[in-house]
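The values are calculated or read from the model by the stated rules, or taken from the named source; none is laboratory data. Because the structure is a prediction, the values reported are computed rather than measured. Note that we place each Cβ from the backbone using ideal geometry, even for glycine, and neighbour counts take in every protein chain shown. Ligands, DNA and RNA are excluded from the accessible area calculation, which covers all protein heavy atoms including side chains. Shrake-Rupley method; radii C 1.70, N 1.55, O 1.52, S 1.80 Å.
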Amino acid sequence: MSQHRTIIEPFKIKVVEPLTILSRQEREPILKSAGYNLFLVSSSAVTFDFLTDSGTTAMSANQWAAMMVADESYAGSRSFAKFERVVRNLTGYENVIPTHQGRAAERLLFEAVLKPGMKVPSNNHFDTTRANIEHLGAEAVDLVIAEGRDPSLNHPFKGNIDTNALDLFCAKERAKIPFGMITITNNTGGGQPVSLENVREASRIYKKHGIPFIVDACRFAENAYLIKVREAAQTARSAREIAMEIFSLADGCMMSAKKDGLVNIGGFIALRDTTWVESLRSLLILTEGFPTYGGLAARDLEALAVGLEEVLDERYLEYRTAVTRYMAEGLNKAGIPTVQPPGAHAVYIDARAFLPHIPPHQFPGQSLACELFLSEGIRSCEIGSAMFGHYTDGGKDPKSFVPSQMELVRLAFPRRVYTQSHFDYILEGMVDLVSKRDAMRGMRLTYDPPFLRHFTARFEPLG
Ligand SMILES: *Cc1c(COP(=O)(O)O)cnc(C)c1O
């Protein structure tokens with residue numbers, strides 16, 4: 001082992017993009033005219049864009065090079081053959097169906113298989129997964145372990161599915177379950193990993209009940225690496241071996257390649273047997289495109305074929321998880337509590353614990369997200385009462401406000417985009433932000449849209 005304690009970025013930079021750095025005085029009118037909603041702020045005013053890790057990856061020189069040799073033939077493209085080979089080698093699944101992103105894979109698979117009244121268990125369904133299941137009149141059932149619902153509790157695998165509950169659920173509802181799922185890492189539950197032991201046990205239960213097992217594999221490499229470093233029996237194995245075992249335990253997967261595919265757009269379904277494949281390909285042709293491109297350009301498939309290999313590089317995964325850990329520890333040291341332990345793709349600040357003087361109906365998370373923008377130029381995402389809270393009386397009496405379970409502010413880190421000095425700069429600024437804590441005030445809604453409030457709502461600071 002080397003003597004160095006610092007985990008460096010395992011890449012050097014060939015292309016750079018200038019970073020906007022505005023003053024607080026310049027940011028104030030921008031935030032005000034966006035109605036204190038960061039979704040309505042132009043990216044050109046943002047210094048550190050931590051809104052999402054989805055589709056925001058910096059691609060490698062090898063990915064850009066592969067794009068130049070792509071074969072854009074409508075049918076039988078050799079770029080598809082390359083992509084198909086990489087997915088088969090990684091997953092062991094013969095049947096590979098490209099889609100333009102994760103939710104397109106979800107819509108196709110669910111449309112081919114789900115009927116109203118059916119039920120689909122998982123640890124936690126991601127929001128587009130749940131929405132696509134419910135859209136077809138079926139039910140998305142979350143069976144994450146109890147530890148996974150407590151933000152301050154430290155447990156290495158808070159993404160685990162409750163295997164006792166799963167076994168009982170499968171026994172009771174067998175006839176209504178066309179397939180079961182597990183999401184790795186568990187995005188909805190704070191990006192928490194699932195242990196290999198848990199995947200093995202879930203696989204055994206699904207098999208026992210004769211239920212096909214589909215993995216939502218968006219962050220399969222990050223999950224595999226967290227298994228390697230947190231699960232005692234797995235430390236000697238490579239992240240690739242662990243990932244391959246996970247796929248071998250299931251019957252297929254869906255993936256948004258905008259995460260661990262290390263690309264800006266793309267996704268796929270891969271299945272071991274052919275039962276659903278014909279109807280999937282027919283639906284694909286109807287709405288996405290021919291089966292050898294599925295709504296993507298061949299150059300996207302080329303970039304993805306390279307990305308799926310690069311993402312399992314353990315130097316990369318060590319650096320990736322170090323960023324998240326470093327930021328969580330730095331924030332905690334500055335006095336800002338975060339969901340414990342940090343996962344791989346994001347840090348979740350516990351705004352309820354940080355701003356206890358702001359009640360949920362005054363949106364402590366939104367308030368903190370706005371302050372992070374004003375003081376640091378950070379764009380984060382509130383995942384709390386601004387997103388999920390609602391009034392039962394139409395918005396008059398604070399007593400009728402039903403808050404979100406947690407008031408979180410997520411900093412999701414794009415892959416290979418920001419450097420150590422960016423993160424150090426941010427942490428330096430947190431001291432100043434913490435000193436303003438008691439002076440921070442809540443927010444009032446000035447425009448409350450009928451659904452998906454967080455995208456278009458407008459706010460106003462109180463006091
Ligand atoms: C992002 C994501 C999806 C949906 O993928 P898109 O590419 O955004 O359509 C599905 N499941 C999980 C776990 C995700 O993180």
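At full extension, Lys115 and Ser282 could sit 58.3 nm farther apart than now, given 0.36 nm per residue minus the alpha carbon distance. Stokes-Einstein, applied to the Kirkwood radius of the range 127-259 over Cα pairs at a viscosity of 0.692 mPa s and 37 °C, places its translational diffusion at 217 µm² s⁻¹. In the chain, the longest principal axis of the Cα atoms and the axis of helix 163-173 are about 60 degrees apart. Summarising the label geometry, the points placed 7 Å from Cα in the beta-carbon direction at Ala439 and Ser238 lie 5.5 nm from one another.
Close amide H pairs (under 5 Å, H built 1.01 Å from N) link Asp150 with no residue at least 5 positions away or on another chain. For Asn95, the amide hydrogen comes within under 5 Å of the amide hydrogens of Leu271, counting only partners 5 or more places away or on other chains and with H modelled in the peptide plane. With θ taken as phi - 60° and the Karplus curve 6.51 cos²θ - 1.76 cosθ + 1.60 applied, the whole-hertz 3J(HN,Hα) list for the range 334-341 is 6, x, 10, x, 10, 4, 10, x Hz, x standing for glycine and proline.
Scalar couplings 3J(HN,Hα) for the range 374-379, obtained by applying the Karplus form with A = 6.51, B = -1.76, C = 1.60 to θ = phi - 60°, are 4, 8, 10, x, 8, 9 Hz; x denotes Gly and Pro. What Kirkwood radius, in Å to one decimal, follows from the Cα pairs of the range 213-258? In the range 213-258 this quantity evaluates to 10.8 Å.
Sequence-distant contacts, meaning Cα pairs under 8 Å at least 6 residues apart, place the relative contact order of the range 61-310 at 31 percent.
The phi torsions of the range 320-331, fed into the Karplus equation with coefficients 6.51, -1.76 and 1.60 and a -60° offset, translate into couplings of 4, 6, 5, 4, 5, 5, 4, 5, 5, 5, x, 5 Hz, rounded to whole numbers, with Gly and Pro shown as x.
Of the accessible area of the chain, computed with a 1.4 Å probe over protein heavy atoms only, carbon and sulfur atoms account for 55 percent. With the simple spin-label model, which puts each label point 7 Å out from Cα in the Cβ direction, the Arg149 to Ser400 separation comes to 2.7 nm. What the range 260-317 shows is 38 Å² of accessible area per residue, with the surface traced by a 1.4 Å probe over protein heavy atoms.
Roughly speaking, what is the centre-to-centre gap between the range 177-226 and the range 131-164 when only Cα atoms are used, to the nearest Å? What the calculation gives is 11 Å, centre to centre. Solvent-free Debye calculation, one equal scatterer per alpha-carbon of the chain: log10 I(q)/I(0) at 0.07, 0.12 Å⁻¹ equals -0.36, -1.10. Placing dummy labels 7 Å off each Cα toward the beta-carbon, the span from Leu136 to Asp448 is 3.4 nm.
Packing, as the average of other Cβ atoms within 10 Å across residues, places the peptides 174-181, 293-300, 60-67 in the order 293-300, 174-181, 60-67, highest first. Considering every alpha-carbon pair of the range 61-310, the percent of pairs per 5 Å bin, from zero through the bin containing the longest distance, is 1, 7, 14, 19, 20, 17, 12, 7, 3, 1, 0. Give the separation of the Cα centroids, the range 263-294 to the range 63-110, in Å. So the separation of the two Cα centres works out to 9 Å.
Remark: the range 326-463 carries 42 Å² of accessible area per residue (probe radius 1.4 Å; ligands, DNA and RNA excluded).
Put simply, the amide H of Ile383, placed in the peptide plane, has neighbours under 5 Å in Leu408, Val409, Arg410, leaving out anything fewer than 5 places away on its chain. Solvent exposure of Arg107, expressed as accessible area, is near 70 Å², computed with a probe of 1.4 Å over the protein chains only. Can you say what percent of the DSSP beta bridges in the range 61-310, counting only those with both residues inside, are antiparallel? Round to 5. So the antiparallel bridges amount to about 50 percent of the total. Our estimate of slack between Gln420 and Leu19, defined as 0.36 nm per intervening residue step minus the Cα-Cα distance, is 142.9 nm. Taking every DSSP bridge with both residues inside the chain, close to 70 percent are antiparallel.
Once the 1.4 Å probe is applied to the protein heavy atoms, the range 1-105 comes out at 59 Å² accessible per residue. With semi-axes defined as the square roots of five times the eigenvalues of the C-alpha gyration tensor, the equivalent ellipsoid of the range 53-197 measures 32, 21, 14 Å, largest first.
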